[in-house]
Amino acid sequence: MPSNRNISQPGGKVNTLILGAGITGLSCAYHLGKDYLVLEKESKAGGLCRSVKTGGFTFDYSGHLLHLHSDYAKKFIFSFLGKNIVKIERNSRIYSKEVLTRYPFQANLYGLPPDVIQECISGLLEAKRSAKKTEAVSRHVNRHGTFRDWVLKTFGRGFAKHFFFPYNTKLWTVSPERLTTDWINIFIPQPDVKDVIDGAFREQDKTFGYNASFYYPEKGGIQALIDSLSGKISNIRMNSPVTSINLKERFAITGDRKIYFKHLVSTIPLPELLGIIENLPEKVRSAGKMLSWNSVDCVNVGVKMKNLKEGIHWIYYPEKTFPFYRTGFYHNFTRYSVPSGTGSMYVETAYQPGSKPEKNMLLNKTLSGLVKSRVIDKKDKVIESQVLSIPYAYVIYDKNRSKALETINAFLKNSHIRSIGRYGAWKYSYIEESILDAKAAAENILKQ
């Protein structure tokens, strides 16, 4: 249990205390404008929206792309990046059956073996016939069903077998039976039958999905956004992890100091927040233990090679043959991310907490997989490599999540704590949503 023993130094009072200087915390501070303090445990702002520069390469903590749909979010981002931003039309692929096909799999079967195409199309048509018989609507998400059931009803057994089940098992690190459908919303394109059939017999250029186009800083990686935004934040303390929160007296402890607050905004992972609250009710503690997540190791690789997968932004890997589920290419976002004559990529491998792969083994398997999938050749010279770990990567949407959040959020609301952002609100989201969530929280505080 958190303790406040041996705290001797006063830390002051603040109207709003913000935990975490990632994109959500910085956005909240910016929209508050005054009378706040941001506490960040790391030595640098950004959270997972950070970049690492080494050997002339700029690497991110995996691909942090800007999917902007809100006019406000677009204006917000552009106000900080100015001309240092490019719009990119997505070109993503899927590697399976030793073939690169267009994304999404369900609308782009062209190029796959004939038996795979036949199995997917016949499975889809059977699923549609079954849906009509039962008067079901395949586009409808049954909030109480499993992801497995939804895939079978919506796309059929062929698509389930060849993409949805293996890919999502690899990504989420749990079975499709365990996942609910609460997360799919905009994240899984649902083309109509005509589009599926068209995409089976020709290479179509129709786009699908929320990320058909995206933005990215031309120079500096995603860190460029963070540096510009944090430059407008006047009160951030780095290297200041919060170790205890006393809700009765409304103070937090960082190092040997007490910081008193009126409003508390947390952007740190929800399990971490619950772990530092003093005298947490047992039912809330129990609910916190029901939360699940996975971790991801991002292997960043720089290669002495021109035109590495030229024009392709990322590739999905559903097959078990490969340990990673996705690889993306920084140099195809912007040429300024790499030295001349080179290419770079991020390669993502997911795992359950406590099952972290050994670094050298992961690097070897990653490079071997890149060779096997013909991304690089054995003769290509790897000139930079690093492993960046993301302990909290994807929130697991299982049957326990909604019930646990109901209990936790009721407690947080009653305690006047706003827990926001991807990991604070415990959800699957993206940068734009985090910015807007923080804006809404700040506006709510300013009204009080």
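Please treat every number below as a calculation from the coordinates, not as lab data. Computed from a prediction, not measured in an experiment: that's the story for all the values here. Every residue, glycine as well, gets a Cβ built from its backbone with ideal geometry; the counts of neighbours run over all protein chains shown.
The chain: D in µm²/s via Stokes-Einstein (Kirkwood Rh, Cα pairs, 37 °C, 0.692 mPa s)? Don't skip to the end; give the middle numbers.
Working: Rh = 23.5 Å.
The diffusion coefficient I find is 140 µm²/s.
What ranking do 426, 183 get, fewest neighbouring Cβ atoms within 10 angstrom at the top?
On the way: 426 24, 183 20.
With the fewest neighbours first, 426, 183 line up as 183, 426.
Show the residues, 5+ positions off or on another chain, whose built amide H is closer than 5 Å to the amide H of residue 426.
Sorted by chain and number, the residues that satisfy this are 270.
Bin by bin, in steps of 10 Å, what percent of the Cα pairs in segment 294-390 do you find, going until the bin that has the longest distance?
16, 53, 27, 4
How big is the antiparallel share of DSSP beta bridges in the chain, given as a percent to the nearest 5?
On the way: 49 of 71 bridges.
Here the share of antiparallel DSSP bridges comes out near 70 percent.
Report, in whole Å, the centroid distance computed from the Cα atoms of segment 38-91 and segment 360-430.
Taking the Cα centre of each part, segment 38-91 and segment 360-430 sit 17 Å apart.
Name the residues whose placed amide hydrogens come within less than 5 Å of the amide hydrogen of residue 277, ignoring near sequence neighbours (fewer than 5 apart) on the same chain.
245
Show me the helices of the chain, taken as full DSSP H stretches, that run 27 Å or more along their long axis by Cα and average -1.0 or above in Kyte-Doolittle hydropathy. Walk me through the numbers before you get to the answer.
Working: long enough: 114-133 (28 Å, -0.34).
Within the chain the helices that satisfy the rule are 114-133.
Loop-only trypsin sites (Lys or Arg not before Pro) in segment 375-448, please: DSSP not H, G, I, E or B, and at most 10 other Cβ atoms within 10 Å. Can you show the working numbers first?
Numbers: sites: 378, 379, 381, 399, 401, 403, 413, 418, 422, 427, 439, 447; in loops: 378, 379, 427, 447.
In loop regions of segment 375-448 (DSSP not H, G, I, E or B), the sparsely surrounded trypsin sites (Lys or Arg not before Pro) are 378, 379, 447.
Largest first and in whole Å, what are the equivalent-ellipsoid semi-axes of segment 33-173 based on the Cα gyration tensor, each being the root of 5 times an eigenvalue? Kindly include the intermediate steps, with their values, before the conclusion.
Working: eigenvalues 320, 91, 52 Å².
Semi-axes (√(5λ), whole Å): 40, 21, 16.
Longest span of the chain, sites excluded, free of GluC sites (Glu not before Pro) in DSSP loop with at most 14 other C-beta atoms within 10 Å?
No qualifying site falls inside 1-97, the longest such stretch.
With viscosity set to 1.306 mPa s and temperature to 10 °C, compute the Stokes-Einstein D of segment 406-448, Rh being the Kirkwood radius across alpha carbon pairs; µm²/s, no decimals.
On the way: Rh = 11.0 Å.
It comes out at roughly 144 µm²/s.
To two decimal places, what compactness ratio does segment 99-230 give when its Cα radius of gyration is scaled by 2.2 N^0.38 Å? Present the calculation step by step, with values, prior to reporting the outcome.
Working: Rg = 17.2 Å, N = 132, 2.2 N^0.38 = 14.1 Å.
Compared with the compact-globule rule of thumb, segment 99-230 sits at 1.23.
Taking amide H atoms as placed 1.01 Å from N in the peptide plane, list the residues 5 or more away in sequence, or in a different chain, whose amide H sits under 5 Å from that of residue 52.
59, 60
Quick one: which of 108-118, 157-167, 18-28, 292-302 comes out on top by average Cβ neighbours within 10 Å, and what's the full order, highest first? Each step should come with its number before you reach the end.
On the way: 108-118: 17.2, 157-167: 20.7, 18-28: 29.0, 292-302: 22.5.
My ranking of the peptides, most packed first, is 18-28, 292-302, 157-167, 108-118.
Across 5 Å bins from 0, what is the distribution of all Cα-Cα pair distances for segment 171-324, in whole percents?
Reading the bins upward from 0: 1, 5, 8, 11, 13, 14, 13, 13, 9, 6, 4, 2, 1, 0.
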